[in-house]
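All remarks here apply to the structure that follows.
The values are calculated or read from the model by the stated rules, or taken from the named source; none is laboratory data. Bear in mind the structure is a predicted one, so any value in this text is a computation, not a measurement. Cβ placement follows ideal geometry from the backbone for every residue including glycine, while neighbour counts extend to all protein chains displayed.
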């Protein structure tokens, strides 16, 4: 091999190494043109918010979104020198890769969250976590509630006892937060083999995983045989059933609502509420990954359609007129797209691992 060819080969190998071992996405799959995202509004809810910077946000989000009591997460760029930025500019604008974390204080405490956080980062490291180096990879805790500062300082002081060097994690009030690009959201869910500097093998109080492979979509012939004409029309053709004349609009039993086509878990009875609409209404799905959201421009209006993940089943629509204390969303779902598993029958029907949500 010539010297020039050898040099070129080394450059290529180094480039590949950087791609595979850093937070830069090696392959970004284009989203479907009609697929959209939606962020609940927790500012006036019963939930609490905190922002955590711990290096590449892919792994930090993947870790925390699996913990029972964590209600919602997304990733973005926090506490920079401007209110706008993007992935290519964060080193210039001084933002840190950060996750936005919403949690239920009745289930998990801020103290526990921060203890977990310090356990997955190197808090004495300056502008470096894992293989990533730069100010955008600094660690930080950014709070929105002044009352949280005492807890943050107390936990940090206790963590400092474990290290001889000073903890470099900055503690600041949130100044700004810019939502990251869509391909960064739930990156490791969409790319399971992607780079991650966080150990995801030992997550405390881990919520049960809902694997798409466990709920394959049947053939169209099988779906037609399984469903009534109305159910088929709803799930496969986007029809809507009549309000107040469907099985689950006023169902108050405890249990699990699943995709009638695939059996994939979708909603918990504890998240159901009476919206007065005449259709089953929920404040959130059991897991944000089991649904997809799509722009629906039919009927002379723009709405957000809700579909199931594996079945691509038309479920209904989501609106922003839900209970403010629960995040403000109303998932308006057709009964004809759902099957209901009673609490006392969940174990025998193969849904026993989800009983923990009712304990």
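Name every residue in region 76-90 that is under 18 Å from residue 139 (Cα atoms) and surrounded by fewer than 16 Cβ atoms within 10 Å (Cβ to Cβ), in order of residue number.
The one that is under 18 Å from residue 139 (Cα atoms) and surrounded by fewer than 16 Cβ atoms within 10 Å (Cβ to Cβ): 81.
Just checking, which of 352, 336 is surrounded by 16 or more Cβ atoms within 10 Å (Cβ to Cβ) and out of contact with any strand residue (DSSP E or B) (no Cβ under 7 Å at 6 or more places or on another chain)?
Details: 352 fails: surrounded by 16 or more Cβ atoms within 10 Å (Cβ to Cβ).
Of the residues listed, the single one that is surrounded by 16 or more Cβ atoms within 10 Å (Cβ to Cβ) and out of contact with any strand residue (DSSP E or B) (no Cβ under 7 Å at 6 or more places or on another chain) is 336.
Examine region 289-309 for a residue that is modelled with pLDDT of 95 or more, at positive phi and out of contact with any helix residue (DSSP H, G or I) (no Cβ under 9 Å at 6 or more places or on another chain), and state whether such a residue exists.
no
Report whether or not residue 204 is surrounded by fewer than 17 Cβ atoms within 10 Å (Cβ to Cβ), outside the structural domain of residue 87 (by TED's automatic domain parsing) and either over 21 Å from the mean Cα position of the chain (by Cα) or touching a residue at least 12 places away in the same chain (Cβ under 8 Å) (or both). Outline the logic, then answer.
On the way: surrounded by fewer than 17 Cβ atoms within 10 Å (Cβ to Cβ): yes; outside the structural domain of residue 87 (by TED's automatic domain parsing): yes; either over 21 Å from the mean Cα position of the chain (by Cα) or touching a residue at least 12 places away in the same chain (Cβ under 8 Å) (or both): yes.
Yes.
In region 183-199, what residues are out of contact with any helix residue (DSSP H, G or I) (no Cβ under 6 Å at 6 or more places or on another chain) and either surrounded by 13 or more Cβ atoms within 10 Å (Cβ to Cβ) or within 15 Å of residue 54 (Cα to Cα) (or both)?
183, 184, 185, 186, 190, 191, 195, 199
Within region 137-148, can one find any residue that is without any contact (Cβ under 8 Å) to a residue 60 or more places away in the chain, touching a helix residue (DSSP H, G or I) at 6+ places or on another chain (Cβ under 8 Å) and not in a loop (DSSP other than H, G, I, E, B)?
Checked region 137-148: no residue is without any contact (Cβ under 8 Å) to a residue 60 or more places away in the chain, touching a helix residue (DSSP H, G or I) at 6+ places or on another chain (Cβ under 8 Å) and not in a loop (DSSP other than H, G, I, E, B).
Would you mind stating whether residue 92 is touching a helix residue (DSSP H, G or I) at 6+ places or on another chain (Cβ under 7 Å) and not in a strand (DSSP E or B)?
No: the conditions fail for residue 92.
Within region 95-130, how many residues turn out to be more than 30 Å from residue 284 (Cα to Cα) and either in a strand (DSSP E or B) or not assigned by TED's automatic domain parsing to the domain that holds residue 44 (or both)?
Residues flagged as more than 30 Å from residue 284 (Cα to Cα) and either in a strand (DSSP E or B) or not assigned by TED's automatic domain parsing to the domain that holds residue 44 (or both) within region 95-130 amount to 2.
Restricted to region 219-258, and to residues that are free of Cβ contacts under 8 Å to residues at least 40 places away in the same chain and within 30 Å of residue 69 (Cβ to Cβ), which residue is surrounded by the most Cβ atoms within 10 Å (Cβ to Cβ)?
If we take residues in region 219-258 being free of Cβ contacts under 8 Å to residues at least 40 places away in the same chain and within 30 Å of residue 69 (Cβ to Cβ), then 250 is surrounded by the most Cβ atoms within 10 Å (Cβ to Cβ).
Exactly one of (1) farther than 21 Å from residue 352 by Cα; (2) in contact with a helix residue (DSSP H, G or I) (Cβ under 9 Å, 6 or more places away or on another chain) is unmet by residue 244. Its number?
Of the numbered conditions (1) farther than 21 Å from residue 352 by Cα; (2) in contact with a helix residue (DSSP H, G or I) (Cβ under 9 Å, 6 or more places away or on another chain), the odd one out for residue 244 is (2).
Given the options 261, 318, 306, name the one that is buried (at least 17 other Cβ atoms within 10 Å of the Cβ), assigned by TED's automatic domain parsing to the domain that holds residue 221 and outside any strand (DSSP E or B).
After ruling out the rest, the residue left standing is 261.
Go through 287, 274 for me and flag whichever is under 17 Å from the mean Cα position of the chain (by Cα) and outside the structural domain of residue 47 (by TED's automatic domain parsing). So that I can check it myself, show each step before the final result.
Numbers: 274 fails: under 17 Å from the mean Cα position of the chain (by Cα).
Step by step, each of 287, 274 is checked, and only 287 is under 17 Å from the mean Cα position of the chain (by Cα) and outside the structural domain of residue 47 (by TED's automatic domain parsing).
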